[in-house]
1. Please go through (1) surrounded by 18 or more Cβ atoms within 10 Å (Cβ to Cβ); (2) at pLDDT 95 or above; (3) of a type outside the set (A, V, I, L, M); (4) in contact with a Cys (Cβ under 9 Å, 6 or more places away or on another chain) for S47 and return the number of the only condition it doesn't satisfy.
2. Since A55 meets every condition but one in (1) surrounded by fewer than 19 Cβ atoms within 10 Å (Cβ to Cβ); (2) in a helix (DSSP H, G or I), which condition does it not meet?
3. Condition test on T90, is it within 25 Å of C193 (Cβ to Cβ) and within 20 Å of the chain's Cα centre (by Cα)?
4. Taking region 166-188 only, how many residues are farther than 13 Å from R198 by Cβ and touching a Phe, Trp or Tyr at 6+ places or on another chain (Cβ under 7 Å)?
5. I'm checking my understanding of the structure. Among residues of region 88-114 that are of a type in the set (K, R) and farther than 12 Å from G170 by Cβ, which one is surrounded by the most Cβ atoms within 10 Å (Cβ to Cβ)?
6. Is it true that V40 is modelled with pLDDT of 95 or more and either in contact with a Lys or Arg (Cβ under 7 Å, 6 or more places away or on another chain) or outside any helix (DSSP H, G or I) (or both)?
7. So is A156 touching a residue at least 40 places away in the same chain (Cβ under 8 Å) and in contact with a Pro (Cβ under 9 Å, 6 or more places away or on another chain) or not?
8. Looking at N195 and the list (1) surrounded by 14 or more Cβ atoms within 10 Å (Cβ to Cβ); (2) touching a residue at least 60 places away in the same chain (Cβ under 8 Å); (3) not hydroxyl-bearing (S, T, Y), which single condition is not satisfied?
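The values are calculated or read from the model by the stated rules, or taken from the named source; none is laboratory data. What you see is a predicted model; the values in this text were computed from it and never measured. Virtual Cβ from ideal backbone geometry, glycine too; neighbours counted across all protein chains shown.
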Amino acid sequence: MTGESDIVGDAWTLGPEGVTSQVMFDGHVLTLLDAAVSLVNALTDGSRQGRPYSAPRGDQLPLAVHEALPLADARDAAIEPEHAAYLARTAQQLRAVFDAVDKGRTDDAAELVNVLLRTTGARPQLDRVDGEPWQVHFHGTADTLAVGWSAGCATALALAIGSNLAGRLGVCTAPHCDRVYVDNSRNTARHFCSNACRNRVKAAAFRARSNPQS
């Protein structure tokens, strides 16, 4: 996921009197948030960087899903068409969460996430990768690629919304772009899905200042 701000992985803990300290998101949660953004931006129609965007379909869908998922280049196995179709449906549901948050409808966003949590059977589980300590990962009722990623993305969004971080889920504010992002900047100052959108907005503002009568 690229954007106008450095990804620093900051979050805030909530104590009895509100925000108390700054901590780092768990690396696995960051991976899942990144996956949610990538799936939405790759697999849902709309607009991107000033142009209409049509999501891949049919034979193009499995490769698009493979490229959207984190660490895709490290996996040799191809994405099965049925798993790709499942994740394309998940992407539509994830987009609805981002759109609801963007419009200030946090209650709706929470309910949408709850539906995803229920349908995927998301559950925490301690997993261990060789050479790494035990980590909390999130699984679904079926240990398939599609259900697993869907459950994980839903859980990551639940953690963000449930920890008073819903405002860090965003939809690009550049004209003719509706791609999404997660704002992990220290000052919560991100407004664009990518550097490309930030730069074109800046360029348009510069042209407007240079040619006020045009």
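1. (1)
2. (2)
3. Here the answer is yes, as T90 does meet what is asked.
4. 3
5. R95
6. Answer is yes for this residue.
7. In short, no.
8. Of (1) surrounded by 14 or more Cβ atoms within 10 Å (Cβ to Cβ); (2) touching a residue at least 60 places away in the same chain (Cβ under 8 Å); (3) not hydroxyl-bearing (S, T, Y), only one is false for N195: (1).
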